[in-house]
Amino acid sequence: MSTKLGPHVLRGAPDLSEYIQAGIAVAKFVGDWGMARDVPDGVLVIGRLVVDEKDYTAQKQKKDMGQTPLEAVQKFLQDQLPTYQSNPRIKYWEGHNEPVWDDEEDMAWYAQFEVERMRLMAELGLKCVIGNFATGTPNLALWPAFLPALVVAREYQAILGLHEYSCPWMWWMTGNHQLDPDADE
């Protein structure tokens, strides 16, 4: 039976190639891309470049630097381009890691950031994993402001990244285990 699972690789391990060769659907490489070369054809390969998030986040690009979505994407891609070019096996790249937005205006800015990123990445022959939201975010009321990015994602064959993990079990903060058990999220 085939799987839809695969590793989230933060650093290589001696037996990782054995796991990859056993048959995976996806592999995400964060900061250690060397093994991406050896992933079999047909496997979705995703990359993410770790940046110093104290100084460089989408929120800082918008609020502290006052950049437009296009300006922010141009800076982001300029900084990441050498990594993309030196890892040709990775065709899908994540953007900012786990951005958290508090209002519709900021979420609309981020949606436009992702629209521009998809467009410019396509010019490079690359594709995007958009959103990359932290567990439990964004607030459901903010999803309509992100919809323009989701619409454009179909055109560019982008995928939506949701970082969904939890502790002490995966269903924590869902259903009856939500922070507000009477909520219906």
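The values are calculated or read from the model by the stated rules, or taken from the named source; none is laboratory data. All figures in this text were calculated on a predicted structure; none of them were measured in a lab. Cβ: placed from backbone, ideal geometry, glycine included. Neighbour counts: every protein chain shown. To get the accessible areas, we keep the full protein, side chains included, count just its heavy atoms, and leave off ligands, DNA and RNA. Shrake-Rupley method; radii C 1.70, N 1.55, O 1.52, S 1.80 Å.
Take the Cα gyration tensor of the chain, multiply each eigenvalue by 5, square-root it, and list the three semi-axes largest first, rounded to whole angstrom. Numbers along the way, then the final one.
Details: eigenvalues 142, 112, 44 Å².
Semi-axes (√(5λ), whole Å): 27, 24, 15.
For residue 25, what charge total do you get from the other residues with a beta carbon under 14 Å from its beta carbon, if Lys and Arg give +1 and Asp and Glu give -1?
Surrounding charge for residue 25 is +1.
Give, as a single signed number, the net charge of other residues whose beta carbon lies under 12 Å from the beta carbon of residue 162, with Lys and Arg counted +1 and Asp and Glu -1. List each step's numbers first, then the result.
Working: positive: none; negative: 94, 98, 164.
Its environment carries a net charge of -3.
Output the DSSP H helices from the chain with an along-axis C-alpha extent of no less than 15 Å and a mean Kyte-Doolittle hydropathy no less than 0.5.
Numbers: long enough: 69-85 (23 Å, -0.58); 104-123 (29 Å, -0.69); 143-156 (19 Å, 0.77).
Once both thresholds are applied, what remains is 143-156.
Probe 1.4 Å, all protein chains in place: accessible area of residue 177 in Å², nearest 10?
For residue 177, the solvent-accessible surface is approximately 70 Å².
In the stretch 1-107, how does Rg compare with the Kirkwood Rh, expressed as the Rg/Rh ratio over alpha carbon atoms?
Numbers: Rg = 16.3 Å, Rh = 15.5 Å.
Expressed as Rg/Rh, it is 1.05.
Can you tell me which lysines have their Cα less than 25 Å from the Cα of residue 62? Leave out same-chain residues fewer than eight positions away.
Filter leaves 54, 75, 127.
Mind grabbing the accessible area of residue 45 for me, 1.4 Å probe, Å², rounded to tens?
10 Å²
Measure off 7 Å from each Cα along the Cα-to-Cβ vector at residue 139 and residue 163, then give the distance between these two points in nanometres to one decimal.
2.1 nm
Where only protein heavy atoms count, and the probe is 1.4 Å, what is the accessible area per residue for the chain in Å²? Walk me through the numbers on the way to the answer.
Values: 10640 Å² over 185 residues.
Ligands and nucleic acids excluded, the result is 58 Å² per residue.
Quick one: P(r) of the stretch 96-156 from all Cα-Cα pairs, 10 Å bins, percents rounded to integers, in order of increasing distance.
Values per bin, smallest distances first: 24, 55, 20, 1.
What net charge do the residues around residue 12 carry, taking every other residue with its C-beta under 14 Å from that of residue 12, with Lys and Arg at +1 and Asp and Glu at -1? It would help to have the intermediate numbers written out before the result.
Values: positive: 11, 28, 37; negative: 15, 18, 32, 38.
The answer is -1.
How much mean residue ellipticity at 222 nm does the chain get from its helices, if each DSSP H run of length 4 or more adds -39500 (n - 2.57) and you divide by all residues, to the nearest 500 deg cm²/dmol?
On the way: 4 runs with 57 residues, N = 185.
It comes out at -10000 deg cm²/dmol, rounded to the nearest 500.
I'd like the trypsin sites (Lys or Arg not before Pro) in the stretch 1-48 restricted to DSSP loop residues with at most 16 other Cβ atoms within 10 Å, sorted by number.
On the way: sites: 4, 11, 28, 37, 48; in loops: 4, 11.
Hits after loop and neighbour filter: 4, 11.
Between residue 38 and residue 119, what's the calculated FRET efficiency when r is the beta-carbon distance and R0 is 35 Å? Round to 0.05.
Working: r = 31 Å, r/R0 = 0.88.
Working from the Cβ atoms, E equals 0.70.
Can you divide the C-alpha Rg of the stretch 44-135 by 2.2 N^0.38 Å and report the result to two decimal places? List each step's numbers first, then the result.
Working: Rg = 12.6 Å, N = 92, 2.2 N^0.38 = 12.3 Å.
The value comes to 1.02.
Calculate what fraction, in whole %, of the accessible area of the chain sits on carbon and sulfur atoms when a 1.4 Å probe is rolled over the protein chains.
Details: 5820 of 10640 Å².
For the chain, the apolar C and S fraction of the accessible surface comes to 55 percent.
Pick out, in residue order, every one of the GluC sites (Glu not before Pro) in the stretch 66-173 that is DSSP loop and has at most 16 other C-beta atoms within 10 Å; say none if there are none.
Listed in order of number, the matching sites are 164.
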